[in-house]
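The values are calculated or read from the model by the stated rules, or taken from the named source; none is laboratory data. All values reported here derive from a predicted model rather than from experimental measurement. In this analysis, Cβ positions are derived from the backbone assuming ideal geometry, glycine residues included, and neighbour counts consider all displayed protein chains.
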Amino acid sequence: MSRPKEMTRAVIVGHKSILKDTIDSLHDTHLFHIEDFVEDESGFKISKPFKNAEEVSKKLVKIRSISNYLGIVKKEPVVQKTDSVLRDLDSKLDELDRAIATKTESIAQLENELKDLDSQKRELLPYLSINLDFDDYRGYESLKVFAGTIKGSLDGSQISSITKAYELYSDPQSKVVVLFVAKNDADRVYELLQSLGFRDLRVPERGGVPSELLRFIEQKEAEVTRKTESLRADIESLKVKYTDFILASDEVLSIESQKAELPLRIATSANTFIIEGWTPTENYDKVVSAVNSATNGKAYVTSLEIDEEEEEHVPVEYNNSKIAAPMQQIMDLYSRPKYTELDPSSVILITFPLMYGLILGDIGYAMILGAIALAIKKAVKSDAVKPLMDILIYCQVSTFIFGIIYGEFLGFSLASLHTAHGVVPGLIPGWETIVLFEGLGGEEFTFPVHRTHMVMTMIATTVIIGLLQLNLGFLLGFANISKHHGMKHAVLEKGSWLVIQLGVLVAAIGYLGGNSGLTYVGAGILVLGIVMLTMGEGIKGPIELPSLMGNALSYARIIAVGLSSIYIASTVNDIAFKMIWVDHSKISFLAVAAILVFILGHGLNSVLSIIAPGLHALRLQYVEFFGKFYEGGGRKYNPFGYIRKYTEE
Amino acid sequence: MVGEELAIGGPFLDADGMKALGAALAITVTGLASAWAEKEIGTAAIGAMAENEGLFGKGLILTVIPETIVIFGLVVALLINSA
């Protein structure tokens with residue numbers, strides 16, 4: 001159980017001449033969360049960015065657009081010195097910019113050329129089978145040339161009925177016709193053509209025989225494509241050459257621009273500045289000495305009291321051990337705790353894997369998923385993925401333990417079970433199921449726990465587990481409230497729920513035991529609890545009473561989702577084994593198919609085993625558990641600085 | 001006539017059959033109800049997430065709240081079956 005890191009509110013005041021040094025030192029410590037200044041009547045104004053801000057952001061935009069164009073991806077960092085990066089930045093950036101600009105320009109030109117060639121090619125393709133020099137289509141005084149496509153078919157006899165003076169070329173396949181007739185007959189021939197659905201085709205302007213032209217164009221196309229490809233290869237080699245430079249300078253410029261734009265977030269007067277913000281109390285001295293040494297003690301740094309109203313808005317930094325830290329992901333997914341609240345990360349470190357294991361509880365799946373999680377954790381370097389894999393591993397440890405308690409392996413039962421219908425053998429010979437005590441509804445509570453044979457008992461068990469977790473929630477709520485609003489409020493708002501449950505419990509024992517006196521005592525305690533609750537929460541308290549039952553029953557999903565997982569697994573097993581043992585004597589095609597069914601079926605169920613138990617376990621934390629004590633809504637502690645990867649001072 | 005034949009051949013559904021049917025109804029209807037409610041909430045949640053990705057956690061919680069309906073249905077079905 002932990003609280004967020006204790007924070008100190010600090011103010012740094014100084015003359016504007018030391019502003020830059022102060023900002024540099026704060027940036028380097030990476031420990032100071034700067035509070036944005038909002039202009040008010042105090043007379044202070046936000047300042048202007050440093051002079052270099054515009055230039056830096058211009059370069060940054062350029063670098064990022066180049067990086068975008070080249071498709072630079074983050075990679076294993078090669079650390080470079082900041083000064084050397086800065087020194088070469090301008091010349092290298094210009095060089096790179098120019099190289100890329102000329103290359104992209106020529107690529108664009110070549111691409112235009114390619115388009116041009118393509119359209120020329122398309123123009124001459126219809127004439128290919130006619131193969132007349134295009135110069136022959138033009139320049140006649142007494143001849144009219146029709147070139148185009150028709151829908152029907154045209155042969156000499158149709159034209160010879162109009163005139164004998166003609167020459168016809170046609171391609172029956174593409175329905176292209178080229179017809180030379182005397183100008184005098186042109187009108188009548190045109191009518192004939194129109195009746196056949198004639199449409200003009202453009203005659204290419206360039207002279208030459210189509211087949212030769214085509215060959216020429218194709219040659220040219222190949223040449224242009226080759227040129228473009230070599231240019232693209234050049235750009236690719238530029239990418240390889242400049243990747244380190246681009247990543248490093250992006251980082252350096254980002255840092256510069258962060259620093260240069262900070263004056264927009266702080267209060268300044270004509271000659272002074274005030275920087276207000278938060279730092280973890282343990283680091284306060286470090287911040288003070290860093291600022292002092294950077295400014296020769298010219299800046300005034302002091303800490304301020306935090307009043308109660310402000311406490312709600314203090315930025316929150318988790319304060320968890322390395323083991324509990326992955327759970328912060330789950331907290332952030334819901335909402336970061338407030339500064340005044342308990343941070344339940346270390347509680348859900350236990351309860352979340354516990355619920356997950358209770359649901360899945362299978363040695364086989366625990367080993368499969370655990371191995372996958374370990375492999376992903378090893379293979380992927382991303383900081384976002386690692387905590388998730390850690391959580392998955394915690395869950396699988398719990399699943400493994402419950403797998404032993406349930407005696408399950410990929411849906412098989414490990415221990416043999418004696419039922420009314422005879423003995424069901426288990427996977428491990430000699431492991432006999434032991435009856436521990438009588439369960440509900442005529443069921444027996446056994447070890448290992450056969451969930452499929454004791455559903456009613458398991459429902460009751462899971463609801464009781466739920467009640468335990470809900471009460472843990474009430475206790476945490478009690479701690480939260482008693483710290484900030486006093487013991488009286490805590491007793492009335494959260495303690496009353498415990499009193500109510502105690503009342504119900506006493507009454508139930510009295511009723512079941514036939515002791516009517518005890519029943520009345522229980523009823524009395526119950527009424528007392530309800531009165532306390534009404535005093536604490538008002539009328540909405542008693543209205544929420546039934547939700548306690550709903551929340552507790554909601555934990556029955558543990559067994560419900562668990563059963564569905566078992567049934568899927570055992571169905572896969574049934575199908576696979578029936579297929580294998582169709583014919584005992586030989587291994588057939590069916591046996592191979594059975595192995596396939598087995599692998600695919602359990603593969604599918606493994607994936608489902610992350611999603612279903614994961615979501616339901618998560619929901620039990622978020623809705624049922626957190627509902628009892630957690631508010632959330634804290635601000636993230638976001639210190640001024642930058643996590644360098646590609647450069648160093 | 002048909003009724004008479006059934007009456008002669010015994011009731012159309014005996015007590016066990018009625019129980020099974022009741023359990024099936026409990027699961028079916030609550031399942032449909034959960035699905036309907038989750039559909040409405042899920043649509044809205046995804047809409048909200050498109051605006052602000054930080055709402056994933058809240059959206060997830062709100063979406064799975066109606067799951068409780070079908071869990072109750074399951075509990076009732078099991079109670080009917082074991083009674």
- Message: Being away from chain B (no Cβ under 14 Å) and part of a helix (DSSP H, G or I) is the filter here; which residues of segment A:537-551 pass it?
- Response: A:Glu537, A:Lys540, A:Gly541, A:Pro542, A:Ile543, A:Leu545
- Within segment A:327-347, is even one residue surrounded by 21 or more Cβ atoms within 10 Å (Cβ to Cβ), within 14 Å of chain B (Cβ to nearest Cβ) and over 25 Å from the mean Cα position of the chain (by Cα)? no
- If you take the residues in segment A:598-634 that are farther than 16 Å from A:Leu369 by Cβ and hydroxyl-bearing (Ser, Thr, Tyr), which one is nearest to the other protein chains (Cβ to nearest Cβ)? A:Tyr622
- Task: Scan segment A:318-335 for residues that are closer than 16 Å to A:Asp383 by Cβ and either touching a His at 6+ places or on another chain (Cβ under 6 Å) or small (Gly, Ala, Ser) (or both) and jot them down.
- Result: A:Ala325
- Would you mind stating whether A:Gly473 is exposed (fewer than 15 other Cβ atoms within 10 Å of the Cβ), away from chain B (no Cβ under 14 Å) and not aliphatic (A, V, I, L, M)? no
- Counting only residues that are over 28 Å from the mean Cα position of the chain (by Cα) and among the acidic types (Asp, Glu), segment B:37-55 contains a total of 2
- Task: Hey, can you tell me all the residues within segment A:552-580 that are within 14 Å of chain B (Cβ to nearest Cβ) and surrounded by fewer than 20 Cβ atoms within 10 Å (Cβ to Cβ)?
- Result: A:Leu553, A:Leu563, A:Ser564, A:Tyr567
- Message: If B:Val76 satisfies all but one of (1) aliphatic (A, V, I, L, M); (2) away from chain A (no Cβ under 12 Å); (3) buried (at least 16 other Cβ atoms within 10 Å of the Cβ), what's the number of the condition it fails?
- Response: (2)
- Message: With the structure loaded, tell me whether B:Leu78 is modelled with pLDDT of 80 or more, among the aliphatic types (A, V, I, L, M) and closer than 22 Å to A:Ala617 by Cβ or whether it fails that test.
- Response: yes
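Output the residues belonging to segment A:288-302 that are outside any loop (DSSP other than H, G, I, E, B) and not β-branched (Val, Ile, Thr).
Kept after step one, since they are outside any loop (DSSP other than H, G, I, E, B), are these residues of segment A:288-302: A:288-295, A:300-302.
Hits for segment A:288-302 are A:Ser289, A:Ala290, A:Asn292, A:Ser293, A:Ala294, A:Tyr300.
A quick yes/no check of all residues on (1) within 23 Å of A:Tyr637 (Cα to Cα); (2) surrounded by 18 or more Cβ atoms within 10 Å (Cβ to Cβ); (3) touching a Pro at 6+ places or on another chain (Cβ under 8 Å):
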| site | (1), (2), (3) |
| --- | --- |
| A:Val11 | yes, no, no |
| A:Phe44 | no, no, no |
| A:Pro49 | no, no, yes |
| A:Val56 | no, yes, no |
| A:Lys59 | no, yes, no |
| A:Ser65 | no, no, no |
| A:Lys74 | no, no, no |
- Query: With A:Ile405, A:Ile368 as the choices, which residue is over 34 Å from the mean Cα position of the chain (by Cα) and either of a type outside the set (Lys, Arg) or under 30 Å from A:Glu76 (Cα atoms) (or both)?
  - Reply: A:Ile405
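Against the condition exposed (fewer than 15 other Cβ atoms within 10 Å of the Cβ) and assigned by the TED database to the domain that holds A:Tyr339, how does A:Gly614 come out, does it pass?
It is false that A:Gly614 is exposed (fewer than 15 other Cβ atoms within 10 Å of the Cβ) and assigned by the TED database to the domain that holds A:Tyr339.
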- Would you check if A:Ser249 is part of a helix (DSSP H, G or I), touching a residue at least 24 places away in the same chain (Cβ under 8 Å) and polar (S, T, N, Q)? yes
- Message: Take the conditions within 30 Å of A:Ile350 (Cα to Cα) and modelled with pLDDT of 90 or more and apply them to A:Ala290. Does it pass?
- Response: no
- Here are A:Ile459, A:Ile428: which of them is within 14 Å of another protein chain (Cβ to nearest Cβ) and over 34 Å from the mean Cα position of the chain (by Cα)? A:Ile459
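Matching residues to (1) part of a loop (DSSP other than H, G, I, E, B); (2) more than 14 Å from chain B (Cβ to nearest Cβ); (3) over 30 Å from A:Ser84 (Cα atoms):
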| site | (1), (2), (3) |
| --- | --- |
| A:Lys241 | no, yes, no |
| A:Ala270 | yes, yes, yes |
| A:Tyr284 | no, yes, yes |
| A:Ile306 | yes, yes, yes |
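Given A:Lys115, A:Lys121, which one is under 30 Å from A:Glu221 (Cα atoms), of a type in the set (Lys, Arg), modelled with pLDDT of 90 or more and part of a helix (DSSP H, G or I)?
Just a single option satisfies the conditions, and that option is A:Lys115.
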- Message: Can you pull out every residue in segment B:27-67 that is within 12 Å of chain A (Cβ to nearest Cβ), free of Cβ contacts under 8 Å to residues at least 24 places away in the same chain and closer than 26 Å to A:Val463 by Cα?
- Response: B:Gly57, B:Lys58, B:Gly59, B:Leu60, B:Ile61, B:Leu62
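Suppose we filter A:Val73, A:Val85, A:Val11 for residues that are among the aliphatic types (A, V, I, L, M) and in a loop (DSSP other than H, G, I, E, B); which single one remains?
A:Val73
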- Out of the residues in segment A:418-459 that are among the small types (Gly, Ala, Ser) and surrounded by 17 or more Cβ atoms within 10 Å (Cβ to Cβ), state the one that is farthest from A:His616 (Cα to Cα). A:Gly426
- Query: Residues of segment A:244-268 being surrounded by fewer than 18 Cβ atoms within 10 Å (Cβ to Cβ) and modelled with pLDDT under 90, which ones?
  - Reply: A:Asp244
- Message: When you check A:His27 against the structure, is it within 20 Å of A:Thr647 (Cβ to Cβ), surrounded by 12 or more Cβ atoms within 10 Å (Cβ to Cβ) and modelled with pLDDT of 90 or more, yes or no?
- Response: yes
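Restricting to segment A:348-382, name every residue that is touching a Gly at 6+ places or on another chain (Cβ under 6 Å), surrounded by fewer than 24 Cβ atoms within 10 Å (Cβ to Cβ) and either of a type in the set (Gly, Ala, Ser) or within 14 Å of another protein chain (Cβ to nearest Cβ) (or both). Step through it out loud before you land on a result.
Of all residues in segment A:348-382, those touching a Gly at 6+ places or on another chain (Cβ under 6 Å) come to A:359, A:361-363, A:366.
The next check asks that each one be surrounded by fewer than 24 Cβ atoms within 10 Å (Cβ to Cβ); those that pass are A:363.
None; the set is empty.
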- Message: Test of understanding: among A:Ser547, A:Ser516, which residue is of a type in the set (S, T, N, Q), more than 19 Å from A:Arg619 (Cβ to Cβ) and modelled with pLDDT under 90?
- Response: A:Ser516
- Note on the structure: Reported set for segment A:478-522 where residues are surrounded by 18 or more Cβ atoms within 10 Å (Cβ to Cβ) and of a type in the set (D, E, K, R) is A:Glu493, A:Lys494
